[in-house]
Amino acid sequence: MATGRPTGSATVVATVRELLEDVRDPEIPVLTLADLGVLRDVAVEGGCVTVTITPTYSGCPAMHTMEADVRRVLAEAGYRDVVVKTRLAPAWTTDWLTPAAHAKLRSVGIAPPVSVTTDKRALLGQDVPCPRCASGRTEKVSEFGSTACKALYRCRDCLEPFDYFKCL
Ligand SMILES: [Zn+2]
């Protein structure tokens, strides 16, 4: 680790979390790892930084990018001794998205995932409010939007198409 940095574990953890704010979902760059609920834990022991992440959709190519970004961001800040752990259980769900993530998704015109428990109805094309005008009169156009993680919807009121961040 670089010299001259604060050495208290709590301080280092806070600094690392701050640095990781720069790690974004490559497909939805407004979202950080923390917003996504992917960042599970940051621990510092004896100068070694351990970052624990839980991948989102399995097979989502974005995850490899994010893991590489974690290493790069910390290496650039002078942290050389970094372990990125992947925790698969419990499995990530879209319920882990923070309220900040929901607001950010809406701000870029993507409907945030409705709760998993109501997803059955969402899959029928209901309960996915339009991120632009908040109308509930929306319909699913395609199961796949701009990426496999999203579905394409259209609002019947403002007639705008929009991506829906699918539940998991
Ligand atoms: Zn609308």
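The values are calculated or read from the model by the stated rules, or taken from the named source; none is laboratory data. This one's a predicted model, so the numbers in the text were calculated from it and none came from an experiment. All Cβ positions, even for glycine, are placed from backbone atoms using ideal geometry, and neighbour counts span all protein chains on display. Protein only, heavy atoms only, side chains kept; ligands, DNA and RNA dropped before computing areas. Shrake-Rupley method; radii C 1.70, N 1.55, O 1.52, S 1.80 Å.
Suppose we filter region 12-26 for residues that are outside any helix (DSSP H, G or I) and crowded, with 18+ Cβ neighbours inside 10 Å; how many remain? Before the answer, list the steps.
Restricting attention to region 12-26, the residues satisfying the condition of being outside any helix (DSSP H, G or I) are 21-26.
Cutting the leftovers down to crowded, with 18+ Cβ neighbours inside 10 Å gives us 23-25.
Residues meeting the conditions: 3.
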Check: touching a Phe, Trp or Tyr at 6+ places or on another chain (Cβ under 6 Å), assigned by TED's automatic domain parsing to the domain that holds Ala34 and surrounded by 12 or more Cβ atoms within 10 Å (Cβ to Cβ) - does that describe any residue in region 72-88?
Finding: no
Check: Inside region 142-163, can you point out the residues that are of a type in the set (A, V, I, L, M, F, W, C) and under 24 Å from the mean Cα position of the chain (by Cα)?
Finding: Phe144, Ala148, Cys149, Ala151, Leu152, Phe162
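The rows are residues; the columns are (1) within 15 Å of the ligand (Cβ to nearest atom); (2) under 15 Å from Asp25 (Cβ atoms); (3) open to solvent by less than 40 Å² (accessible area, probe 1.4 Å); (4) modelled with pLDDT of 90 or more.
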site: Leu97; (1), (2), (3), (4): no, yes, yes, yes
site: Ala111; (1), (2), (3), (4): yes, no, yes, yes
site: Thr117; (1), (2), (3), (4): no, no, no, no
site: Ala148; (1), (2), (3), (4): no, yes, no, no
Check: When residues of region 132-146 are filtered for being near the ligand (Cβ under 10 Å from one of its atoms) and more than 20 Å from Pro29 (Cβ to Cβ), how many remain?
Finding: 6
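What number of residues within region 73-97 satisfy the criterion of being small (Gly, Ala, Ser) and part of a strand (DSSP E or B)? Break it down stepwise before answering.
Quick first cut of region 73-97, residues small (Gly, Ala, Ser) only: 75, 77-78, 89, 91.
Filter again for part of a strand (DSSP E or B), leaving none.
Final tally of qualifying residues: 0.
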